[in-house]
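> Handing you a structure now.
The values are calculated or read from the model by the stated rules, or taken from the named source; none is laboratory data. Values in this document were obtained by computation on a predicted structure and should not be read as measured data. Please note: Cβ atoms are built from the backbone with ideal geometry, for glycine as well, and neighbour counts cover all protein chains shown. For the accessible areas, the whole protein counts, side chains as well, though only heavy atoms, and no ligand, DNA or RNA atoms are used. Shrake-Rupley method; radii C 1.70, N 1.55, O 1.52, S 1.80 Å.
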Number of protein chains: 2
Amino acid sequence: MYRELFNDPQNASEKIHVNGELHPDVRVGMRQVNLTNGERVVLYDTTGVYTEPGYEADTQRGIPKMREAWIAACAAALPEGEFHTQMWYARRGIVTPEMEYAAIRENAGLSPGDRGYITPQQVCESIAGGRAILPANRKHPETEPMVIGPEYLVKINANIGNSALGSSIEEEVEKALWAIKWGADTVMDLSTGRNIHRTREAILRNVPVPIGTVPMYQALEKVKGAVEDMTWEVYRDTLVEQCEQGVDYFTIHAGLLREHVPLAQKRVTGIVSRGGSIMAKWMAHHGRESFLYEHFDEICEIMARYDVALSLGDGLRPGCIADANDAAQFGELKTLGELCRRAWAHDVQVIIEGPGHVPMDRIRENMDKQIEWCQGAPFYTLGPLVSDIGAGYDHITSAIGAAMIGWFGTAMLCYVTTKEHLALPNRDDVREGVVTYKLAAHAADIAKGHPAAIARDLAMSRARYDFRWLDQFNLSLDPERARRMHREMVKENA
Amino acid sequence: MYRELFNDPQNASEKIHVNGELHPDVRVGMRQVNLTNGERVVLYDTTGVYTEPGYEADTQRGIPKMREAWIAACAAALPEGEFHTQMWYARRGIVTPEMEYAAIRENAGLSPGDRGYITPQQVCESIAGGRAILPANRKHPETEPMVIGPEYLVKINANIGNSALGSSIEEEVEKALWAIKWGADTVMDLSTGRNIHRTREAILRNVPVPIGTVPMYQALEKVKGAVEDMTWEVYRDTLVEQCEQGVDYFTIHAGLLREHVPLAQKRVTGIVSRGGSIMAKWMAHHGRESFLYEHFDEICEIMARYDVALSLGDGLRPGCIADANDAAQFGELKTLGELCRRAWAHDVQVIIEGPGHVPMDRIRENMDKQIEWCQGAPFYTLGPLVSDIGAGYDHITSAIGAAMIGWFGTAMLCYVTTKEHLALPNRDDVREGVVTYKLAAHAADIAKGHPAAIARDLAMSRARYDFRWLDQFNLSLDPERARRMHREMVKENA
């Protein structure tokens, strides 16, 4: 099964592999597009084992545990029960197999000596300095290592997740695979309702990219949705449960403090982040500071034991342009900077989440303040949407802002689908959203001068000039759509 | 007919009118959205008479000739055969009915005294200074006056046009009306093949927005497509024919000189503009300077007699990001600046066309150089597309660049459809392209701080916060799509 999901016999490309040198068992898959003029273009590949020739998927068995031996070797070299994060190794100058893997991956389309060629040491140094993360829970050996940071290719995340009324476990796995087919670098499972644990288990065992979650969503299910009944213990147990399952990064809204809430009450749309709303409600009910903030060091200790990366959530992200860059948003961002330093003290890898709805003229300020207050930790933004009136087109409203902030230095862009604000996305919406965000991320790479990104555009333009249609299809972000649109016209005119 | 095209009984909005003060017979239609909380939001309206209650369209008769009396009054005040352009009047401080009309239109959603409220005098002064144009051929009394300039709302153009193999005249009129339904401010008819004259006639008599053309396309049909047989006389006669018909603005590639051609030969994709290619070929064949350049003053004299605005074409617009901002492109842009001054000497209104394919980091330079070299004449750009690999998604690739350059000061954005580089757009593609560009233009207005644009977003955000779904649909750019997406989900979950 899933074979047809990845099958595109008309695409003249093949899986190739590049081996590690420091770690000879590192073997990185890439996609090589074979052009009709004999040239080859090598592309970054997020599809993992699913596009290995002859691979037969089996959801029950799951995909191969690529990192199993590396994790075992680490454990064997340490006293019983001890474990260290990628950041810990990086700070000691130790290049792990994961780091070499991610470095090789970044070099798709580049050769040693090329401008922009990434060495494993560079990945190691940027992780040590907090400027990049490599999300890879030791309980998720299936994930293909990748690196998120402003020095690297701009990454994109796709959110999936069933709701109480929504889809089946099988459908969610298929949606996640569908997202990586189109190029999602990470997938966040935002499921609610029943079957959260089983849905996540199926995704973790079958999807070869880092998986993120918002643990609060499951914690809240455990107290039957009653925010006032939430306790640190319920939340902590949920963290441990998800760490054990293999989640690679957690969104935690620990930066939203009591002092920020009055600032948000002056807003047009108040608090729109679900995690933010939950914490604001909890603090109001109990008349206490956020338990996420008060137990922050314990949270970091748990995450460090598994190497789960911390995505510091922006519970006060603006929900409309009128609220952009306000005291509430920036107050929280400053706290995120403080928490970032504290997490680093535990060797926990950190990214910082950002908005939301921001008009074009105020996007740069978000990036500048984030860099200043968060010491260069990678920024991970939702859009931003540059207007509020794009309902039905909000993948575009947000791609405009995403491309810009990606150019300014944001490391990962969380996609927004066509149906944002209106309905839950279906399969077509996921595809449209992911490809739109690949485009925004690629445009940012181009603007940042990434040589492999520029080379792909050059190959495309030469194919266009030569009327090599097949090459144009295969070099585009969505070969199936490009091919269909062109062929329909050719057929109509025949 | 065409009634169903504009009919949307579920949309809680109505046509309202604002009358002129200087010219009491000026009566400007706008769209008022009536919100469920009793508030009202007034929107700029491009649909003209088609959304007047009870209007029955008749393609044979055409739409009412709104400007007929104004044009007649101008003629009556002048010696027989004399005629002057809007720029001529503006330079003398005379506020025409057209200027007052355009000023009132810009104020949709604003009240006198509001920040950004536009006076007829301001429109007059900006036209006098060449910073804005009001394209309105005296032979096109059907057009509703509007103003294009960086001080005003960012406008969008939709290209339509049949090809030799393509659609019927009826279909082209319907496509143009479909474009204005979704908000196109002007329409360019780029038809080729047979029936060019009749197609254009049907569009001019039935579409209430300024119509642009590239006269070279028809001139070339007259010499059976043989570029080498093109003569000044054939071209001149085509200009006169189209002036007489009522075309409001011409794209003329008069800035592409012999000296620029070698610069373009070094490029990855050479000359991608059709008009540019034709002129390069003509110059190479005849070994002579461009006849458009050599006869430029005669061209201006013809256009001044009808008040056809001049859109100085960028025959050397880059066709890929590798060619962006190169010596060929900027060499031509400098010449466009020179021609702009010469056209102004004839009181001809001028806009300057711009690229094309430009990476995000090099967009600003386009705007800066255009302002410097073209003395503040409005800029009119195609996109720009910020990458070359977006085939099948190029409405988005280009909307990213369009939103940015609109914010930087570009006055009008020429849309790019989903099928750019692949096929001719159909009805769905026109809608998707126009709405995407309305979104880009609106995002630019927001970033420029336009108070009515900001107010619309605010009304939308308040409706969102209050879960007023009907108001959200009606305030969005495509109420039909927003409504459908939301209702499908509600139905699925019922």
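> Please work out which one of (1) surrounded by fewer than 16 Cβ atoms within 10 Å (Cβ to Cβ); (2) in a loop (DSSP other than H, G, I, E, B) is the condition residue B:5 fails and give its number.
It fails just one condition, (2).
> Something else about it: Give me the pairs: first residue in the stretch A:477-494 and in contact (Cβ under 8 Å) with a residue 12 or more places away in the chain and more than 7 Å from chain B (Cβ to nearest Cβ), second residue open to solvent by less than 20 Å² (accessible area, probe 1.4 Å) and of a type in the set (Phe, Trp, Tyr), beta-carbon distance under 7 Å, and six or more apart or on different chains, which are they?
Note: pairs meeting the criteria are A:479/A:473; A:483/A:473.
> Looking at (1) touching a residue at least 60 places away in the same chain (Cβ under 8 Å); (2) within 13 Å of chain A (Cβ to nearest Cβ), which one does residue B:328 not meet, given that it meets all the others?
(2)
> Further, regarding this structure: Taking the stretch A:283-295 as the region of interest, how many residues are farther than 14 Å from residue A:332 by Cβ and open to solvent by less than 10 Å² (accessible area, probe 1.4 Å)?
1
> Would you please list the contacts, defined by Cβ atoms under 8 Å and residues six or more apart or on different chains, that run from a residue in the stretch A:258-282 that is away from chain B (no Cβ under 14 Å) and open to solvent by 40 Å² or more (accessible area, probe 1.4 Å) to a residue that is part of a loop (DSSP other than H, G, I, E, B) and at pLDDT 95 or above?
That search, which allows pairs on different chains as well, returns A:258/A:288; A:258/A:289; A:258/A:290; A:263/A:316; A:263/A:326; A:274/A:214.
> With the checklist (1) within 14 Å of chain A (Cβ to nearest Cβ); (2) surrounded by fewer than 24 Cβ atoms within 10 Å (Cβ to Cβ); (3) among the small types (Gly, Ala, Ser) in hand, flag the one item residue B:356 doesn't pass.
(2)
> Next up: Looking only at the stretch A:359-366, decide whether some residue is without any contact (Cβ under 8 Å) to a residue 12 or more places away in the chain, surrounded by fewer than 24 Cβ atoms within 10 Å (Cβ to Cβ) and not β-branched (Val, Ile, Thr). Before the answer, list the steps.
Residues of the stretch A:359-366 that are without any contact (Cβ under 8 Å) to a residue 12 or more places away in the chain, as a first pass: A:361.
Narrowing the set further to residues that are surrounded by fewer than 24 Cβ atoms within 10 Å (Cβ to Cβ) leaves A:361.
Next, only the ones that are not β-branched (Val, Ile, Thr) stay: A:361.
The answer is yes, given that some residue of the stretch A:359-366 is without any contact (Cβ under 8 Å) to a residue 12 or more places away in the chain, surrounded by fewer than 24 Cβ atoms within 10 Å (Cβ to Cβ) and not β-branched (Val, Ile, Thr).
> Quick one: is residue B:194 open to solvent by 30 Å² or more (accessible area, probe 1.4 Å), touching a residue at least 12 places away in the same chain (Cβ under 8 Å) and either among the small types (Gly, Ala, Ser) or assigned to a loop (DSSP other than H, G, I, E, B) (or both)?
Working: open to solvent by 30 Å² or more (accessible area, probe 1.4 Å): yes; touching a residue at least 12 places away in the same chain (Cβ under 8 Å): yes; either among the small types (Gly, Ala, Ser) or assigned to a loop (DSSP other than H, G, I, E, B) (or both): yes.
The answer is yes for residue B:194.
> Go through the stretch A:199-234 and give me each residue that's part of a loop (DSSP other than H, G, I, E, B) and polar (S, T, N, Q). Steps first, please.
Going through the stretch A:199-234, the residues part of a loop (DSSP other than H, G, I, E, B) turn out to be A:207-210, A:214, A:223-226, A:230-231.
Once the filter is applied, which keeps residues that are part of a loop (DSSP other than H, G, I, E, B) and polar (S, T, N, Q), the stretch A:199-234 yields only A:231.
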